[in-house]
Amino acid sequence: MPRLLALLLLSLGGLAAAEPRPLIIAHRGASGYLPEHTLAAKALAYGQGADFLEQDVVLSKDGVPVIFHDTHIDTTTDVAKKFPGRQRADGRFYALDFSVAELKQLNVTERFNPKTGKAAFPKRFPVGVGSFQVVTLEEEIQFIQALNRSTGRNVGLYPELKAPAWHRQEGRDLSATVLPLLRKYGYDAKDSACYLQCFEYAEIKRLRGELGWSGKLIMLLGGKGKGPGETDFTYLQTDAGLAELAQLVDGIGPPISSYVAGKTPAERQVTDLAARARKAGLKSHPYTLRADELPKCVTSVDELLSALFTEAKVDGLFTDFPDLCIKR
Ligand code: CA
């Protein structure tokens, strides 16, 4: 769609005002600008106007939910320098092998490749600069609630249960540890400012069944094929799969490429996934808009936002750059 026409349609959409703008979910905080999952990155995202702040959650050795994107922690901390020899046979350092007191001794840095030391995103905050602590889920909840108190806003939580099947293999129950914390802070009702998310369908079923989670829930989808916990992502995106999901969850979180695809801008296509999900009663919250890693089918952030918001009509968007998505 020509840019001017898209802009005109967007402003008309704005005038109508009946349609709320899509939720802006700060992916690991404003991680385009500051090291992911630091309170600094969360505060910046909050200040930029994000509606929800995302937490990826794993367990520490002493069973405390801590905020890390991966089960291993050597891509975002100086663990290899501070605790040499504490890696597993695969060479990786895992949050699950360190107590919270030990994790608190680490410095969190911009994401890097532990083999080469090179930054994952070369144009972002430099690796190794700054002094940032590992954050527990409870600390982050208290931080967000304190900001909500001082600003009068109600910015929400968007926690992801990371690798629950792997945790169980390790003898730990991630979900059963996280849910009481969310309940304690009032996030377990359908109208609470909280979306709980997970890539494992078996765990989603367990959350709604055995564990009795009654808050909002998002099924993350990883494109095509089989995912963790043998989740069949291809099936879950069919009409039958979406209808099945609608019995359990409030929405889906697939990659952006499931909504806007194509190898070049000329070949760009908006898929019918958001429309089919909506028909099934499911929200669409795709991941992840990165200004420094745009899909090949667009030439700018605004073009991608137009395709997602105006054409596909998604309901929310994960982004490393909340400010670029909110200013529209
Ligand atoms: Ca996540």
For this session: Please indicate, with yes or no, whether at least one residue in segment 250-266 is within 16 Å of the ligand (Cβ to nearest atom), among the β-branched types (Val, Ile, Thr) and not in a loop (DSSP other than H, G, I, E, B).
Result: yes
For this session: Of the numbered conditions (1) at pLDDT 95 or above; (2) surrounded by fewer than 21 Cβ atoms within 10 Å (Cβ to Cβ), Leu10 fails exactly one; give the number of that condition.
Result: (1)
For this session: Could you tell me whether any residue of segment 61-72 is touching a strand residue (DSSP E or B) at 6+ places or on another chain (Cβ under 6 Å), more than 22 Å from Ala120 (Cβ to Cβ), within 16 Å of the ligand (Cβ to nearest atom) and touching a residue at least 24 places away in the same chain (Cβ under 8 Å)?
Result: yes
Exercise. Between a first residue in segment 187-204 that is of a type in the set (Val, Ile, Thr) and a second residue that is more than 16 Å from the ligand (Cβ to nearest atom), which pairs have beta carbons less than 6 Å apart while being 6 or more apart in sequence or on different chains?
Worked result: Ile204/Leu248
Problem set entry | Top-ranked residue in segment 286-324 [being within 16 Å of the ligand (Cβ to nearest atom) and of a type in the set (A, V, I, L, M); ranked as farthest from Leu34 (Cα to Cα)] | Leu317
Exercise. Taking the stated definitions as given, is Glu293 out of contact with any His (no Cβ under 9 Å at 6 or more places or on another chain), part of a loop (DSSP other than H, G, I, E, B) and in contact (Cβ under 8 Å) with a residue 12 or more places away in the chain?
Worked result: yes
Exercise. Can you find even one residue in segment 31-46 that is more than 16 Å from the ligand (Cβ to nearest atom), assigned to a loop (DSSP other than H, G, I, E, B) and over 22 Å from Ser284 (Cα atoms)?
Worked result: yes
Problem set entry | Whichever residue in segment 298-327 is in a loop (DSSP other than H, G, I, E, B) and out of contact with any helix residue (DSSP H, G or I) (no Cβ under 6 Å at 6 or more places or on another chain) and, among such residues, is farthest from Ser31 (Cα to Cα) | Asp315
For this session: Pairs only if they're at least six apart or on different chains, beta carbon under 8 angstrom, first in segment 141-165 and under 12 Å from Leu53 (Cβ atoms), second more than 16 Å from the ligand (Cβ to nearest atom) and of a type in the set (Lys, Arg); list them, first residue then second.
Result: Leu147/Arg153
For this session: For segment 291-323, enumerate the residues that are within 20 Å of Ala43 (Cβ to Cβ) and crowded, with 21+ Cβ neighbours inside 10 Å.
Result: Phe318, Thr319, Asp320, Phe321, Pro322
Exercise. Looking at segment 182-223, which of the residues that are modelled with pLDDT of 95 or more and on the phi > 0 side of the Ramachandran plot is surrounded by the fewest Cβ atoms within 10 Å (Cβ to Cβ)?
Worked result: Gly212
For this session: Would you mind stating whether Ala277 is closer than 25 Å to Ala30 by Cα and either in contact with a helix residue (DSSP H, G or I) (Cβ under 8 Å, 6 or more places away or on another chain) or without any contact (Cβ under 8 Å) to a residue 40 or more places away in the chain (or both)?
Result: no
Exercise. Small (Gly, Ala, Ser) and under 24 Å from Gly253 (Cβ atoms) - does that describe any residue in segment 159-174?
Worked result: yes
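Rundown of residues vs (1) more than 21 Å from Thr71 (Cα to Cα); (2) in contact with a Pro (Cβ under 6 Å, 6 or more places away or on another chain), yes/no style:
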{"position": "Glu138", "(1), (2)": "no, no"}
{"position": "Ile141", "(1), (2)": "no, no"}
{"position": "Thr151", "(1), (2)": "yes, no"}
{"position": "Leu157", "(1), (2)": "no, no"}
{"position": "Arg168", "(1), (2)": "no, no"}
{"position": "Leu174", "(1), (2)": "no, yes"}
{"position": "Leu181", "(1), (2)": "no, no"}
{"position": "Ser192", "(1), (2)": "yes, no"}
Problem set entry | Checking Glu110 against (1) assigned to a helix (DSSP H, G or I); (2) touching a residue at least 60 places away in the same chain (Cβ under 8 Å), the condition it does not meet | (1)
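The values are calculated or read from the model by the stated rules, or taken from the named source; none is laboratory data. Given the structure is predicted, the values throughout are model-derived calculations rather than measurements. With ideal geometry, Cβ positions are generated from the backbone for all residues, glycine too; neighbour counts draw on all protein chains shown.
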